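The values are calculated or read from the model by the stated rules, or taken from the named source; none is laboratory data. Small disclaimer: the values here were computed from a predicted structure and weren't measured. Using ideal geometry, Cβ is built from the backbone for each residue, glycine included, and neighbour counts are taken over all protein chains shown. Remember, those area values only see protein heavy atoms, side chains included, never the ligands or the DNA or RNA. Shrake-Rupley method; radii C 1.70, N 1.55, O 1.52, S 1.80 Å.
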Amino acid sequence: MTPQETIATIQPGDWVKLRKKSASAPHTKRGDTFRVDMVHPVDGSLRIWNPTTKEWGFLYPDEVKLIPAPDDSVSPEPDTESNPPVDSVSPEPDTESNPPVDSVSRAISRYRPKGTARGGEYFRFSYRSGKKMKHVHIPGGNTDSTLANARCEEIREALAAGMSPAEIVKMIR
(Lines give C-alpha, C1' and ligand atoms only; values in the text may rest on other atoms or scores of the structure.)
Protein backbone atom coordinates (compact mmCIF):
# COMPACT_ATOMS: atom_id res chain seq x y z
CA MET A 1 0.00 0.00 0.00
CA THR A 2 1.50 3.37 -0.97
CA PRO A 3 1.53 6.35 1.42
CA GLN A 4 -1.18 8.06 -0.70
CA GLU A 5 -3.42 5.00 -0.36
CA THR A 6 -2.72 4.89 3.38
CA ILE A 7 -3.70 8.57 3.74
CA ALA A 8 -6.99 7.88 2.01
CA THR A 9 -7.82 4.86 4.20
CA ILE A 10 -6.88 6.09 7.70
CA GLN A 11 -9.72 7.98 9.37
CA PRO A 12 -10.12 9.56 12.82
CA GLY A 13 -10.90 6.81 15.32
CA ASP A 14 -8.83 4.18 13.50
CA TRP A 15 -6.01 2.35 15.26
CA VAL A 16 -2.46 2.34 13.89
CA LYS A 17 0.71 0.46 14.80
CA LEU A 18 4.18 1.97 14.40
CA ARG A 19 6.32 0.22 11.80
CA LYS A 20 9.47 2.03 12.96
CA LYS A 21 10.53 4.52 15.63
CA SER A 22 9.07 7.90 14.80
CA ALA A 23 11.20 11.04 14.77
CA SER A 24 8.12 13.23 14.97
CA ALA A 25 6.60 11.66 18.11
CA PRO A 26 9.01 11.44 21.06
CA HIS A 27 8.99 8.44 23.40
CA THR A 28 7.41 6.10 20.87
CA LYS A 29 8.87 2.84 19.64
CA ARG A 30 8.22 0.26 16.99
CA GLY A 31 5.08 -1.75 17.74
CA ASP A 32 3.28 0.94 19.78
CA THR A 33 -0.40 1.28 18.95
CA PHE A 34 -2.34 4.54 18.92
CA ARG A 35 -5.84 5.73 18.16
CA VAL A 36 -5.90 8.39 15.44
CA ASP A 37 -7.58 11.57 16.65
CA MET A 38 -7.35 13.61 13.46
CA VAL A 39 -5.91 13.36 9.94
CA HIS A 40 -4.34 16.52 8.51
CA PRO A 41 -6.13 17.34 5.24
CA VAL A 42 -2.99 18.53 3.37
CA ASP A 43 -0.01 16.38 4.39
CA GLY A 44 -1.95 13.45 5.86
CA SER A 45 -0.14 13.49 9.22
CA LEU A 46 -2.00 11.70 11.98
CA ARG A 47 -2.59 13.36 15.35
CA ILE A 48 -2.39 10.88 18.22
CA TRP A 49 -2.52 11.14 22.02
CA ASN A 50 0.75 9.87 23.49
CA PRO A 51 -0.02 8.51 27.00
CA THR A 52 3.70 8.32 27.85
CA THR A 53 4.33 12.04 27.44
CA LYS A 54 0.69 13.03 28.02
CA GLU A 55 0.86 15.26 24.94
CA TRP A 56 -0.43 15.27 21.42
CA GLY A 57 1.95 13.85 18.84
CA PHE A 58 1.99 13.48 15.08
CA LEU A 59 2.82 10.43 13.01
CA TYR A 60 3.16 10.15 9.27
CA PRO A 61 1.39 7.51 7.17
CA ASP A 62 4.65 5.88 6.03
CA GLU A 63 5.55 5.22 9.71
CA VAL A 64 2.36 3.30 10.58
CA LYS A 65 0.09 0.52 9.42
CA LEU A 66 -3.65 0.28 9.96
CA ILE A 67 -4.74 -2.36 12.50
CA PRO A 68 -8.12 -3.50 13.82
CA ALA A 69 -9.30 -1.89 17.05
CA PRO A 70 -7.75 -3.62 20.07
CA ASP A 71 -9.91 -5.71 22.38
CA ASP A 72 -11.22 -3.56 25.29
CA SER A 73 -10.10 -6.14 27.85
CA VAL A 74 -6.48 -5.88 26.65
CA SER A 75 -6.02 -2.18 25.95
CA PRO A 76 -8.74 0.30 26.86
CA GLU A 77 -9.53 3.10 24.42
CA PRO A 78 -8.12 6.43 25.61
CA ASP A 79 -10.61 8.69 27.36
CA THR A 80 -11.08 11.58 24.92
CA GLU A 81 -13.04 13.63 27.46
CA SER A 82 -9.95 13.93 29.67
CA ASN A 83 -7.71 14.83 26.71
CA PRO A 84 -7.04 18.52 26.09
CA PRO A 85 -8.93 20.41 23.42
CA VAL A 86 -7.56 20.65 19.87
CA ASP A 87 -5.97 24.09 20.33
CA SER A 88 -4.27 23.22 23.63
CA VAL A 89 -0.56 22.45 23.76
CA SER A 90 -0.41 20.39 26.93
CA PRO A 91 -2.97 18.68 29.16
CA GLU A 92 -4.31 20.22 32.33
CA PRO A 93 -2.39 19.23 35.47
CA ASP A 94 -3.93 16.45 37.51
CA THR A 95 -5.27 18.19 40.64
CA GLU A 96 -5.67 14.95 42.58
CA SER A 97 -1.97 14.07 42.47
CA ASN A 98 -0.88 17.73 42.64
CA PRO A 99 -2.97 19.38 45.39
CA PRO A 100 -3.03 23.18 45.38
CA VAL A 101 -0.12 24.62 47.30
CA ASP A 102 -1.08 27.09 50.00
CA SER A 103 1.09 29.94 51.27
CA VAL A 104 2.04 28.05 54.46
CA SER A 105 3.60 25.08 52.66
CA ARG A 106 5.32 27.35 50.10
CA ALA A 107 6.91 29.55 52.76
CA ILE A 108 9.22 26.77 53.97
CA SER A 109 11.32 25.09 51.33
CA ARG A 110 14.38 22.91 50.97
CA TYR A 111 17.55 24.16 49.31
CA ARG A 112 21.09 23.04 48.56
CA PRO A 113 23.79 25.57 49.42
CA LYS A 114 26.36 26.31 46.77
CA GLY A 115 30.08 26.93 47.11
CA THR A 116 32.15 25.39 49.88
CA ALA A 117 29.20 24.50 52.11
CA ARG A 118 28.66 20.91 53.12
CA GLY A 119 26.44 18.76 50.96
CA GLY A 120 22.83 18.02 51.78
CA GLU A 121 19.58 19.89 51.90
CA TYR A 122 18.56 22.49 54.43
CA PHE A 123 15.33 24.30 55.30
CA ARG A 124 14.70 27.98 54.65
CA PHE A 125 11.85 30.40 55.22
CA SER A 126 10.95 32.51 52.17
CA TYR A 127 8.94 35.71 52.25
CA ARG A 128 8.39 38.79 50.11
CA SER A 129 9.68 42.17 51.25
CA GLY A 130 8.39 44.77 48.82
CA LYS A 131 9.26 43.43 45.38
CA LYS A 132 12.14 41.27 46.61
CA MET A 133 11.93 37.64 47.65
CA LYS A 134 14.00 37.05 50.78
CA HIS A 135 15.17 33.77 52.27
CA VAL A 136 16.23 33.01 55.85
CA HIS A 137 18.06 29.80 56.77
CA ILE A 138 16.32 27.79 59.49
CA PRO A 139 19.05 26.64 61.89
CA GLY A 140 19.14 23.13 63.27
CA GLY A 141 21.05 21.14 60.67
CA ASN A 142 20.06 19.45 57.44
CA THR A 143 16.63 18.09 56.57
CA ASP A 144 17.42 14.75 58.25
CA SER A 145 17.91 16.44 61.63
CA THR A 146 15.09 16.14 64.15
CA LEU A 147 15.91 19.63 65.50
CA ALA A 148 15.56 21.22 62.05
CA ASN A 149 12.29 19.37 61.44
CA ALA A 150 10.94 20.47 64.84
CA ARG A 151 11.83 24.12 64.10
CA CYS A 152 10.11 23.84 60.72
CA GLU A 153 6.95 22.60 62.40
CA GLU A 154 7.09 25.55 64.84
CA ILE A 155 7.31 27.95 61.90
CA ARG A 156 4.47 26.22 60.05
CA GLU A 157 2.28 26.50 63.16
CA ALA A 158 3.17 30.19 63.51
CA LEU A 159 2.26 30.77 59.85
CA ALA A 160 -1.03 28.93 60.28
CA ALA A 161 -1.75 31.07 63.37
CA GLY A 162 -1.34 34.19 61.23
CA MET A 163 2.03 35.55 62.38
CA SER A 164 3.58 38.12 60.07
CA PRO A 165 6.78 37.30 58.15
CA ALA A 166 8.71 39.92 60.18
CA GLU A 167 7.71 38.22 63.45
CA ILE A 168 8.69 34.82 62.08
CA VAL A 169 12.12 36.14 60.98
CA LYS A 170 12.65 37.45 64.56
CA MET A 171 11.59 34.07 65.94
CA ILE A 172 14.08 32.28 63.66
CA ARG A 173 16.98 34.58 64.58
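Rundown of residues vs (1) at pLDDT below 55; (2) surrounded by 14 or more Cβ atoms within 10 Å (Cβ to Cβ); (3) aromatic (Phe, Trp, Tyr), yes/no style:
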site: Thr52; (1), (2), (3): no, no, no
site: Trp56; (1), (2), (3): no, yes, yes
site: Leu59; (1), (2), (3): no, yes, no
site: Val74; (1), (2), (3): yes, no, no
site: Asp87; (1), (2), (3): yes, no, no
Within region 17-37, which residues are within 24 Å of the chain's Cα centre (by Cα), at pLDDT 80 or above and not charged (D, E, K, R)? Thr28, Thr33, Phe34, Val36
Would you pick out the residues in region 13-71 that are out of contact with any Asp or Glu (no Cβ under 6 Å at 6 or more places or on another chain), assigned to a strand (DSSP E or B) and of a type in the set (D, E, K, R)? Lys17, Arg35, Asp37, Glu55, Lys65
Looking across region 129-152 at residues that are at positive phi and surrounded by 15 or more Cβ atoms within 10 Å (Cβ to Cβ), the single one that is modelled with the highest pLDDT is Gly140
Across region 19-50, the tally of residues that are of a type in the set (S, T, N, Q) and open to solvent by 20 Å² or more (accessible area, probe 1.4 Å) stands at 2
